[in-house]
Amino acid sequence: MKIHSTTTMIATSTVILASTAFRRGLSFTPTTTTLRRMASTSLSSTTSPPTTPPPKPKTRTRRILSGVQPTGSLHLGNYLGAIRQWVDFQNKETEPFEDENGFIVNTENYFCVVDLHAITMPHDPKELGESTLSSAALYLAAGIDPEKSRVFIQSHVAPHAELCWLLNCATPMNWLERMIQYKDKSAKAESSDSSVGVGLFTYPVLMAADILLYQAERVPVGEDQRQHLELARDITRRWNDLYCKGGAFKKRCKKAGIPSYPTFTEPEAMILSKGDGARVMSLSDGSSKMSKSDADDNSRINVLDPPKVIRQKVKKCKTDAAVGITWDDPERPEATNLLNIYLAVQPSDGSGKTRADIEEEVKDMTWGDFKPVLAEAIVEHLEPIQKRYKEVREDEEYLMGVLGDGADSANEIASKTLNAARVAMGFVARV
Ligand code: ADP
Ligand code: TRP
């Protein structure tokens, strides 16, 4: 799976980041790699005894954070564009490694169910709780492992809402007026004669708060969130510029007993490359994205749809009259989308078909031939997730335990950042 970042971090900022994280007082926990390294140092010491103890390896922590709104059921777009990417990252990149500056980097993954975001559009209080728990259970069922990642509910960590307010006051209105998601959602609401709440307008600021509270360096999301990530970066720069400079800032920090670093780390988006699930399109219109907010349930495949429903939805999905199924023809967005989905749901154990295999397989197929093949591939991919989901959702004690631990751990970090933000802004500390 190819992942590319929105920006290339320049070497100097990497150094600053690394040393900032180090200076933030992150504790040293010996990891497998570091223990091995220490063991090899002490072994070699049997031949020539060292006069001074070996220097402690310098360590730093990098955090990854992401979230999905618990509105309705999660669909294939959320799964392929976001959650599966989190799982891949968790499984492949959580091991400690040494960075270019000689720091041992320990990775911490945080995945939250962003229920405060879910109320930015009209919602049904009867359903919010179940959607929230169902989303959390789905994260775990899709492969998020509580031993490697923290899972929590956003509203269980109060600093999210408080930092959002502070950031709201530091964010120019016109930055938010430019947000595509806000323009789309408010235009839709207006056309159906309903008003939108202020929360929808400041939604991206809450998202920035989610990220900045954890000093998250990387944020795995789908393509549609790129603009929100850019906004979080702009807010970071503006904040650090407005409030974290000069002798007065240093004095406030000293008085509060905290180090005088810029409050926030600038985050980077992690977005899959095109076709890998970055943007899964609607089944009823290959040129608009698959979304929970589409009124037509047939436009999406929900991760928890039973096999029968998946088969029906694929059977009914929009296609075209051309013969043979081809990729990347701008005139045939539906064909490209369905082939992308077919490729994305191939088994990842090495037995899955490649793009070239698929091109060969489908080149002479009719839609009538291809649709059942696609439906079976989706069903097979989702079945184990659905089975695991059922087990997790039925074990409420386990689920609440994971979410409780996640919230405790999130709170610890988030409260520290919030305190630093309050000091930077100049609030009186509570004694
Ligand atoms: P929705 O648009 O369906 O309401 P969210 O806004 O809650 O979904 O998005 C949750 C995550 O899923 C985000 O990282 C988003 O980029 C990703 N995502 C949503 N829809 C798609 C899609 N159609 N294709 C790829 N990724 C998507
Ligand atoms: N706005 C994101 C979406 O609609 C969800 C989200 C909220 C999020 N807070 C976040 C994603 C923080 C990544 C990081 O998909």
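The values are calculated or read from the model by the stated rules, or taken from the named source; none is laboratory data. Here the structure is a predicted model, which is why all the values come from computation and not from measurement. For neighbour counting, all protein chains shown are included, and Cβ atoms are generated from backbone atoms with ideal geometry for every residue, glycine included.
Structure values in brief
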read-out	value
Candidates 284, 260, 288, filtered to the one that is away from ligand 1 (no atom under 16 Å from the Cβ) and either over 17 Å from residue 88 (Cβ atoms) or at pLDDT 95 or above (or both)	260
Qualifying positions in segment 371-394 - more than 30 Å from residue 324 (Cα to Cα) and within 25 Å of the chain's Cα centre (by Cα)	384, 385, 386, 387, 388, 389, 390, 391, 392, 393
Residue check, residue 358 touching a Phe, Trp or Tyr at 6+ places or on another chain (Cβ under 8 Å) and part of a loop (DSSP other than H, G, I, E, B)	no
Failed item, numbered, when residue 194 is tested on (1) in a loop (DSSP other than H, G, I, E, B); (2) crowded, with 20+ Cβ neighbours inside 10 Å; (3) modelled with pLDDT under 95	(2)
Odd one out for residue 71, checked against (1) within 15 Å of ligand 2 (Cβ to nearest atom); (2) out of contact with any Ser or Thr (no Cβ under 7 Å at 6 or more places or on another chain)	(2)
Test: residue in segment 282-289 that is small (Gly, Ala, Ser), part of a helix (DSSP H, G or I) and in contact with a Pro (Cβ under 7 Å, 6 or more places away or on another chain)	no
So residue 81, is it part of a helix (DSSP H, G or I), within 10 Å of ligand 1 (Cβ to nearest atom) and within 19 Å of residue 216 (Cβ to Cβ)	yes
Test for residue 263: is it assigned by TED's automatic domain parsing to the domain that holds residue 214, assigned to a loop (DSSP other than H, G, I, E, B) and either without any contact (Cβ under 8 Å) to a residue 60 or more places away in the chain or buried (at least 20 other Cβ atoms within 10 Å of the Cβ) (or both)	yes
Among the candidates 226, 218, residue that is in contact (Cβ under 8 Å) with a residue 12 or more places away in the chain, within 14 Å of the chain's Cα centre (by Cα) and outside any helix (DSSP H, G or I)	218
